[in-house]
Amino acid sequence: MTLSPRLGQNKTKQKNTNSSVKRVLRFSVTRLLSLFFTVIIGVYLTILIANMGGYVDTIMRSDIKEKVNLRVAAMTAKSNISTETRKQMAEEMVALEEERLGLNTPFAVRSFRYLQNALRMELGNALFMVSDNGSRQVKNIILERLPATLLLMGSSELILFFVSVFLALKLSRSYGSFWDKLIVALSPTSSAPPWFYGIFFILIFAAVLKILPFGGMVDAPPPENTWNYILSVLKHLILPALSLIISSLFISIYNWRTFFLIYSSEDYVDMAKAKGLSSREIENRYILRPTLPTIITNFALLVIGLWTGATLTETIFLWPGLGRTLYRAIGLFDTPVIVGSTIIYAYLLAITVFILDFVYALVDPRVKVGN
């Protein structure tokens, strides 16, 4: 008689487990398909924008014809060649250059080819840009600039994130204090972009005080000793990292402080205080724990955001990162480099969003995957 209820309970548990597995699998497949569809739309829009809907082809053709005509004129200046021959030479050279750049194929066809190659991570060759070792492969150009961007963005953004959360948590304990009012007063200074602070810091510390370099990543020529090389890189890192941190520090502290204050005013926090729990226990159990999904989301998006770099800040400081590379690619209408950088970021973002759905279920018992 005692086995029957247990068997019934086991069957119920097995049924619930199977139902949960099916629900998670169905959710995973649906979520992946929707994210992949979003990636396709985002990448194709990037291709259209980078080419201005095909208008860039017209600009490039005009530029090619102008350069070829000047080259032919220089080549035949001292030769007795007829105008018809010069014209034929120019047309042949223009046709070869357009074929090299793919302009002999209609943009509508070429755009879908770009999309297909990008989704398969076949980034191809850049049209104009080259890496330091002379390679035109987009993969090599990106990988060559990636370490510099990770160093700059990683150091500045991680410092900014942890310092902001830590100080905001401390400020939420002393609402209305002098330091709280000071942060609120200074938060509008974050309306100035990082490159503005960069120019300001260059004028003070490089031009006037002459204690830090104007730009670059390392001294020229680079130090041969390893420790001296590291110290040189750190010295060049100070100003760009400082400009990125200062430009967002006060508004970031203000945002997190307001966020923590909302949870600090909940009834269950007042109940915990009435029970005599310490401030640290209240923060860990009743403030940080409910806000953990938001903190994790911000941190995850920050990490993948390192990939994009700081376009104008890197350009001002001559920092050889992905941001500066993307800025040059936009100026040169180098579509493969722009699309290559975008597709990698799109995949990173989609994977991160997918993983976060499961992380939420782990850190917050109120969340169930698929519900």
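Just want the ordering: Ser172, Ser248, Ser19, from fewest to most Cβ atoms lying within 10 Å of their own Cβ.
Working: Ser172 21, Ser248 18, Ser19 10.
The most exposed by this proxy come first: Ser19, Ser248, Ser172.
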* Gain on full stretching of the segment that runs from Leu45 to Asn117 - 0.36 nm per residue minus C-alpha separation -> 24.4 nm
* To do: Could you please state, rounded to a whole Å, how far the C-alpha centre of region 340-364 is from the C-alpha centre of region 319-335?
  => 25 Å
* **Simple label model, 7 Å out from Cα along Cβ direction - Leu25 to Leu209, nm** => 6.3 nm
* Which label in [x] 160; [y] 127; [z] 240 gives the computed volume of the Cα convex hull per residue in Å³ -> [z]
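Just to be sure I understand the rule: take each whole DSSP H helix in the chain, project its Cα atoms onto its long axis, keep it if the span is 20 Å or more and its mean Kyte-Doolittle hydropathy is at least 1.6. Which ones pass? Could you put the intermediate results ahead of the total?
Values: long enough: 3-50 (69 Å, 0.36); 55-75 (30 Å, -0.04); 83-101 (27 Å, -1.03); 138-173 (50 Å, 1.24); 226-264 (49 Å, 1.13); 289-305 (24 Å, 1.18); 335-363 (41 Å, 1.98).
Result, helices passing both filters: 335-363.
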* Asked: Cα-Cα over 32 Å: which of Lys139/Lys235; Lys181/Lys235; Lys67/Lys139; Lys181/Lys273?
  -> Lys181/Lys235
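With the contact rule set at Cα under 8 Å and sequence spacing of 6 or more, what percent relative contact order holds for region 138-333?
On the way: 198 pairs, mean separation 70.3, N = 196.
So the answer I get is 36 percent.
When a footprinting reagent is the concern and you count Cβ atoms within 10 Å, what order do Asp357, Asp334 take, fewest first?
Values: Asp357 14, Asp334 21.
Result, fewest neighbours first: Asp357, Asp334.
Would you mind calculating the gained length between Thr226 and Val56 on full extension (0.36 nm times residue separation, minus the Cα-Cα distance), in nm to one decimal?
Result for the pair: 56.7 nm of gain on full extension.
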* Between Ile81 and Leu101, what FRET efficiency follows from the Cβ-Cβ distance if R0 is 22 Å, with the result rounded to 0.05? -> 0.25
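How high is the FRET efficiency from Phe162 to Phe358, r the C-beta distance, R0 25 Å, rounded to 0.05? Let's see the in-between values first.
Values: r = 24 Å, r/R0 = 0.96.
Using R0 = 25 Å, I get an efficiency of 0.55.
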* Asked: Given H placed on each backbone N at 1.01 Å, which residues far from Asn125 in sequence or on other chains put an amide H within less than 5 Å of it?
  -> Val138
* Alpha carbon centroid spacing (whole Å) that separates region 259-315 from region 191-240 -> 33 Å
* Gain on full stretching of the segment that runs from Leu312 to Phe200 - 0.36 nm per residue minus C-alpha separation -> 38.9 nm
* **Taking the chain and dividing mean pair separation by its residue count, relative contact order in percent (alpha carbons under 8 Å, at least six apart)** => 25 percent
* To do: Find which of Val303, Leu203, Ser265 sits farthest along the positive direction of the dipole of the chain, computed with +1 on the beta-carbon of Lys and Arg, -1 on that of Asp and Glu, about the Cα centre.
  => Ser265
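Please order Ile199, Ile142 by the number of other Cβ within 10 Å, starting at the fewest. Intermediate values should be presented prior to the final figure.
Numbers: Ile199 13, Ile142 21.
Neighbour counts put them in this order, fewest first: Ile199, Ile142.
Coordinate-derived values only; no laboratory data. Here the structure is a predicted model, which is why all the values come from computation and not from measurement. Quick reminder, even Gly has a Cβ in these numbers, built from the backbone with ideal geometry, and neighbours come from all protein chains shown.
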